[in-house]
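Notes for the one structure printed next.
The values are calculated or read from the model by the stated rules, or taken from the named source; none is laboratory data. Here the structure is a predicted model, which is why all the values come from computation and not from measurement. We place every Cβ from the backbone using ideal geometry, glycine too, and count neighbours over all the protein chains shown.
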Amino acid sequence: MDRNRLNSNRQKGPNNRYGMRNAGFIALIILLLLVLYSAFHQPSNLKTIPITTAIKNANSGEYSKFAVNGNEVQITVKGQSKPTLKTYEEPNATLKTEGLNYSKVTVSSSPQTSSSSTWIGILETIGPVIAIGVILYIMMKSAQGQGNQALSFGKSRARLYGNEKDKVNFKDIAGSEEAKQDLEEVVEFLKFPKKFASVGARIPKGVLLVGPPGTGKTMLSRAVAGEANVPFFSISGSEFVEMFVGVGASRVRDLFAKAKKNSPCIIFIDEIDAVGRRRGSGMGGGHDEREQTLNQILVEMDGFEQGQNVIVLAATNRADVLDPALLRPGRFDRRVNIGLPDRKDREAILKVHYAKKPLAKAVDLDALAAKTAGSSGADLANIANESAIIAARNSHSQITQEDVTEAFEKVAIGPERKSKVMTDSDKITTAYHEAGHALVGHVLPDSDPVHKVTIIPRGGTGGVTWFIPPEDRLFISLVQFKDMLARGMGGRIAEEIILGPDKITTGASNDLQNAAEIARDMVINQGMGKKLRDQVFKHDDGMMLDRLVHEREYSDETAKVIDDEVENLITEAANRARTVIKANLKYLEKLKDLLLEKETVEAAEVTEVLKGAKMPSSAALY
């Protein structure tokens, strides 16, 4: 019913364009009728005389030519070039029977005009008029189309949902139980507004959904609309902003006007940070089109009156860059945090995505959920889809455990590059490098266990040593960070010890970059430096992008201390890795040989090979 009401509102409006179109048609028909009338009723200036008079004057030499066309005779007087008289032959009175002297006058006859030739003449007469009319009609249609586009340029581009058969409900979404509980209140506001109004409660105008990309913010918003059974307007924040001044504000006004006509309803603005960033932080200052659009959103949310039952849901993964005016009470009153799913939720999400796929009974989704810590719902959906593609490519009737494992590794690291040919020297170097990572990570007490080691190139890497935590972590300790740094340096240190300091390769470039990022995060954001312990410095990449000058929240002296702290952490990690590898060289050789033999070694085999490796006391943290 709401969609029909909206459509009827769209159909209403001024009839000027329809009236102009009808007037054009009427004018064209009148013009064609006038042309046809003039074609069939051409006025004649020839004087008609009796046939007996015409023959008598012709025999006396007054006429020079008779032109016979059917029963009509057109007469040309001597000394003239065109006919000026005409007469008609009758059954009992013709040129022959009345005694015309053919030596006195030239007689010519033309065939009688047929109906087809008449129509050809008519078409020749009105053809140009019709062509001009068609051209005018096309031009008028084109002008109307451009006018409609111009008029709709400031209209909202929001898509309306609400009457589709496959509505989304909370039961269709796995995980996010806490977010569902918070959003159930919104459903109650929409379904039972009088219940809250009777006790003087004010229904919230806006709810902000905050969470990493791919966590299902849009799907949860649609589920709210499905549960409440109300229309759902969906639009992206970027669809408001155009290069023309005032277009975004116009679209905001149109969107909220439609929503009020279809209340109770939900307006969902995805990626609201595209239009809701802090004012004054962009290139355009206070006159930026984006800021004018944001101002209009603020005004419209203030314009909601009690009883309209329109709630605005907005989603973002950068709530820190939003303008404070958006977040004040009376606008976005509620904030729902949607985090990455835990192990139980990941398993439930995987079951949903595999529900309509032919999954083999031997596939262990719980084990896959354990390995996918830190993955979003979109990542899990991608793994399920990739496993189905791999199964089809391998001509499997069902998705096997091997298909799922290959899909997981392809999504997490990248596809295997089996076509890349490696020399024996490169294979040996890669095997030592990856064995160094695995050995250090296996020996250090606070490192994650080794999941898999391979010297087959994957994605942009020459080989991979994979560490997976045994369970989801809420926090990371200082010792875990340091073991993470040490195992990251294990590959470079293994090359240095075995091949020599001058034979190290570029294979560790990514490891060194990751180590520097982890160490800098420890010092700046986590307060884990020795000299800067318990000090955190503001580091906002999103706002830095908006600034003309990259401002630093600390002095040059502090920057030097931070650089020294980062250097000390990486140096300490390299020394610990060096100590571990030198104390367990025979195990490094064993794992290297196994990698050269099998190319890929699973966790159980790594544990077996490194079973006797020891943790030297000099590598312990004090």
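Structure values in brief
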quantity: Residues of segment 379-398 that turn out to be within 15 Å of V352 (Cβ to Cβ) and β-branched (V, I, T), as a count; calculated: 1
quantity: Test set (1) more than 20 Å from T316 (Cβ to Cβ); (2) in a helix (DSSP H, G or I) - R202 fails condition number; calculated: (2)
quantity: Pair list, Cβ under 6 Å, 6 or more apart: segment 352-371 residue in a loop (DSSP other than H, G, I, E, B), other residue at pLDDT 90 or above and loosely packed, with under 15 Cβ neighbours inside 10 Å; calculated: P358/Q398; A360/Q398
quantity: Identity of the residue in segment 187-238, among the charged types (D, E, K, R) and in contact with a Gly (Cβ under 8 Å, 6 or more places away or on another chain), that ends up farthest from P341 (Cα to Cα); calculated: K205
quantity: Flag if A384 is at pLDDT 90 or above, part of a helix (DSSP H, G or I) and not charged (D, E, K, R); calculated: yes
quantity: Every residue from segment 416-449 that is assigned to a loop (DSSP other than H, G, I, E, B) and crowded, with 24+ Cβ neighbours inside 10 Å; calculated: L444
quantity: Within segment 62-75, considering residues that are assigned to a strand (DSSP E or B), in contact (Cβ under 8 Å) with a residue 40 or more places away in the chain and not hydrophobic (A, V, I, L, M, F, W, C), the one surrounded by the fewest Cβ atoms within 10 Å (Cβ to Cβ); calculated: N69
quantity: Counted residues, segment 577-622 - those being free of Cβ contacts under 8 Å to residues at least 60 places away in the same chain and aromatic (F, W, Y); calculated: 1
quantity: Candidates K86, K47, K78 - the one that is charged (D, E, K, R), at pLDDT 65 or above and surrounded by 14 or more Cβ atoms within 10 Å (Cβ to Cβ); calculated: K86
quantity: Selected residue [in contact (Cβ under 8 Å) with a residue 40 or more places away in the chain and either crowded, with 19+ Cβ neighbours inside 10 Å or in contact with a Gly (Cβ under 9 Å, 6 or more places away or on another chain) (or both)] from A384, A378, A388; calculated: A378
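Conditions tested, residue by residue: (1) in contact with an Asp or Glu (Cβ under 7 Å, 6 or more places away or on another chain); (2) in a loop (DSSP other than H, G, I, E, B); (3) modelled with pLDDT under 90.
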| site | (1), (2), (3) |
| --- | --- |
| H451 | no, no, yes |
| W466 | no, no, yes |
| P469 | yes, yes, yes |
| D472 | yes, yes, yes |
| F475 | no, yes, yes |
| V479 | yes, no, no |
| D483 | yes, no, no |
| I493 | no, no, no |
